[in-house]
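See below for the structure under consideration.
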């Protein structure tokens, strides 16, 4: 009836995490090729990872680096070449040049357009459809009505993030390294494994920085609105877990698996106070609804 997915950057996270609540996993950190043992930049790691995901009965999607420069394209091509013979269910791209590269390399796998593909309209969705794109992640600034409009006016699936921090900005340069006093001998992974926050006390806002990507401080939360998503016949949902702990991924997945199962089977959601309390405890900067309800991204609206 629906698919719930999340992201896994490396073999270590894949082995130690509990992903039992998820139907599909996106392999790789699309924001930084230097993330240690990143599936998005280490083709030699893919075969074993895909076997492990498939052994769990899940769909397996590969994420490609989102902002490649010309000097990165050989590495991206090597990852694509390694992925093509594997039973990967789709490849996610964020870059139109890489989308064309997939076609030129004869890749016949379905393609997903990721969040930094900056898709705002159904017209763009129809263009990328011609390049083999079967699923799009609309720009986070779109409302829920606009995402549904894209779904209704194109023969393409729309991925709806239901929880987690909202990706805002991605860069070729690393904010953490630029402001580090020195680069650790063990590599920069030791720096980005710690949490980094950009805060402004006067304005009362906070953003999370993971090096080359900046995300919202608050966690997007749609737990109280799952019946609405089911009624709209949306069927692909995503938990953004980049930079989060294994405990976060497991707990959020469990709560949304239960909520979506109820919503799609027509059961009432019931009392969500305990679930919301658990999600609030996991969200250091609180909860929000993003831009889904046509208001400022930091606000949180519960059920009416």
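Peptides 215-227, 111-123 ranked from most to least packed, by the mean per-residue count of other Cβ atoms within 10 Å: 215-227, 111-123.
For the stretch 1-99, rounded, prolate or oblate, judged on the Cα gyration tensor with a ≥ b ≥ c (square roots of eigenvalues), a/c < 1.5 rounded, else prolate if a/b > b/c? Spell out each step's value before the answer.
Details: a/c = 1.77, a/b = 1.61, b/c = 1.10.
The shape class here is prolate.
Using only alpha carbon pairs under 8 Å that are at least six residues apart, calculate the relative contact order of the chain and give it in whole percent.
Contact order relative to length: 18 percent.
Residues 208, 109, ranked from the fewest to the most other C-beta atoms within 10 Å, line up as 109, 208.
Beta bridges from DSSP with both residues in the stretch 3-288: antiparallel share about 35 percent, rounded to the nearest 5. Residue order for 2, 237, 39, fewest other beta carbons within 10 angstrom first, comes to 2, 237, 39. Ranked by the mean number of other Cβ atoms within 10 Å of their residues, highest first, the peptides 257-266, 19-28 come out as 19-28, 257-266. Considering only 82, 250, 274, the mean-square fluctuation computed in a Gaussian network model of the chain, springs between alpha carbons under 10 angstrom, is largest for 274.
Available extension along the chain between residue 104 and residue 130 is 8.0 nm, counting 0.36 nm per residue and deducting the alpha carbon span.
Mean-square fluctuation check for the chain, GNM, Cα pairs under 10 Å: which of 110, 36, 268 is largest? Per the Cα network of the chain with a 10 Å cutoff, 268 tops the list. Principal axis extents of the C-alpha atoms in the chain (largest first, rounded to whole Å): 52, 48, 37.
In what order do 142, 64 fall by count of nearby beta-carbon atoms within 10 Å, going from fewest to most?
Details: 142 20, 64 27.
Lowest to highest Cβ neighbour count: 142, 64.
Over the stretch 199-274, Cα pairs under 8 Å with separation of 6+ residues give a relative contact order of 24 percent.
Among rounded, prolate and oblate, which fits the stretch 78-142 when a ≥ b ≥ c are the square roots of the eigenvalues of its C-alpha gyration tensor, a/c under 1.5 means rounded, and a/b larger than b/c means prolate?
Numbers: a/c = 2.17, a/b = 1.90, b/c = 1.15.
Cα axes put the stretch 78-142 in the prolate bin.
Readers should treat all values here as calculations from the given coordinates under stated rules, not as data from a laboratory. Predicted, not measured: the structure shown is a model, and the values here were computed from it. A quick note on method: Cβ atoms are made from the backbone with ideal geometry, for glycine too, and the neighbour counts reach across all protein chains shown.
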